[in-house]
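Okay, structure first, notes after.
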2 protein chains.
Amino acid sequence: MNPYITNAAGLFAACCTTVSFLPQAVKTIRTRDTSGISLSMYSLFTLGTLFWLVFGVLSSNLPVTFANAVTLVFAGIILFYKIKYRRR
Amino acid sequence: MNPYITNAAGLFAACCTTVSFLPQAVKTIRTRDTSGISLSMYSLFTLGTLFWLVFGVLSSNLPVTFANAVTLVFAGIILFYKIKYRRR
């Protein structure tokens, strides 16, 4: 397979999955509606993103480091709001 | 840096981010409460995961292929419920 197609697929994938958490963070900040959001998901996901960041730094992989630093900010915001506005 | 530590961080990260969508899918199926979930996020994320899967297959990368096949199922379920039980 043409490596350009493979790399283009990977780059497009990385952009989509990284950027995807921005509209969720914006929605959560605006509405403070976190009832449908899973605390377990964002706890695990934020922890996982933190370790992807560690992996990116340790392996000197700039795209992995950058993408996960961005995702960590968005996921961290959603997790913070989920904990703060948890259904009582 | 010890490559075992680097790989262990990456493996742990991959497990966390892959498994994290399971509790969200279970919660969404059980409660059908999708009001706080962003349609834009799951549309972009599911598309991104599909392209990660394509990237994994094209680059013959088994861990990437497997992790994203699993995530695609969970993300697809959440997206399906978000569209089906959208706030009217």
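The values are calculated or read from the model by the stated rules, or taken from the named source; none is laboratory data. Predicted, not measured: the structure shown is a model, and the values here were computed from it. Please note: Cβ atoms are built from the backbone with ideal geometry, for glycine as well, and neighbour counts cover all protein chains shown. Heavy atoms of the whole protein, side chains included, go into the accessibility calculation; ligands, DNA and RNA do not. Shrake-Rupley method; radii C 1.70, N 1.55, O 1.52, S 1.80 Å.
So what is the calculated 222 nm ellipticity per residue for the protein assembly as shown, using -39500 (n - 2.57) for each DSSP H run with n of 4 or more, over all residues, to the nearest 500 deg cm²/dmol?
Working: 8 runs with 142 residues, N = 176.
Helix contribution divided over all residues of the protein assembly as shown: -27500 deg cm²/dmol.
May I ask you to rank A:85, B:81 by accessible area, largest first, using a 1.4 Å probe over the protein chains only?
Working: A:85 60, B:81 40 Å².
In descending accessible area the options line up as A:85, B:81.
Just reorder A:5, B:37 by solvent-accessible area, largest first, 1.4 Å probe, all chains present.
Details: A:5 90, B:37 0 Å².
So the residues, ranked largest to smallest area, are A:5, B:37.
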Other chains' Cβ within 10 Å of A:22-28 residues: what's the mean?
-> 5
Taking chain A as the reference, fit the longest principal axis to its C-alpha atoms, fit the long axis of helix A:3-19 to the helix C-alpha atoms, and give the angle between the two in degrees, 0 to 90, nearest 10.
-> 10 degrees
Using the 7 Å Cα-to-Cβ label point, sort the distances from residue B:83 to its equivalents in the other copies shortest first and give them in nm to one decimal.
-> 3.5
Angle between the Cα long axis of helix B:39-58 and the longest principal axis of chain B, 0 to 90 degrees, nearest 10?
-> 30 degrees
Please report how far the C-alpha centroid of region A:44-83 lies from that of region A:4-19, rounded to the nearest whole angstrom.
-> 17 Å
Could you pull the copy-to-copy label distances for residue B:60, with points set 7 Å along Cα to Cβ, in nm to one decimal and sorted shortest first?
-> 2.7
Set of lysines near residue B:82 by C-alpha distance (under 23 Å), chain-local residues within fewer than 8 positions excluded = A:27, A:82, B:27
Chain A Cβ-axis minimum, rotational copy B, residue and distance in Å = A:36, 2
